[in-house]
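Chemist: Can you keep this structure in mind? I'll have questions shortly.
Only the coordinates and a few stated rules stand behind these numbers; no lab work does. Here the structure is a predicted model, which means the values were calculated and not measured. FYI the Cβ positions are ideal-geometry reconstructions off the backbone, even for glycines, and counts take in every protein chain you see.
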Amino acid sequence: SQFSNLVSKGGFLLMQYSFMDLLAIMTIQAGLSGSSAIVCAALNCLLDFYMVRHLVKVEIRPNLILSAENELGIVAGLQDRVAQVYGGLVYM
């Protein structure tokens, strides 16, 4: 729903599809950023499917992913999705 909210606020008109179904077996609270990686990959799929990657700034994607994780009840680390969105190491 976070993607839908973003699309609504941006004034984009997209066809409504219901195609994403995911089953993941992973260790809970392992600290390996697995859930963030899955949510980040799902966001990338949606951006590419709807061809709106160029319209959603890279800078807002980490917070969008964090909002989706919070909505799903996933406890997320502070920097997990930053490295995944930018595709590299995070200097802190």
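Chemist: Pairs needed: first member in segment 52-67, assigned to a loop (DSSP other than H, G, I, E, B); second member anywhere, exposed (fewer than 13 other Cβ atoms within 10 Å of the Cβ); C-beta distance under 7 Å; at least 6 residues apart or different chains.
Modeler: Matching pairs, first to second residue: Val52/Phe12.
Chemist: Follow-up question, since we're still on this one. Within segment 49-63, can you find the residues that are surrounded by fewer than 20 Cβ atoms within 10 Å (Cβ to Cβ) and either in contact with a Leu (Cβ under 9 Å, 6 or more places away or on another chain) or over 21 Å from Asp80 (Cβ atoms) (or both)?
Modeler: Residues satisfying the conditions are Phe49, Tyr50, Met51, Val52, Arg53, His54, Leu55, Val56, Ile60.
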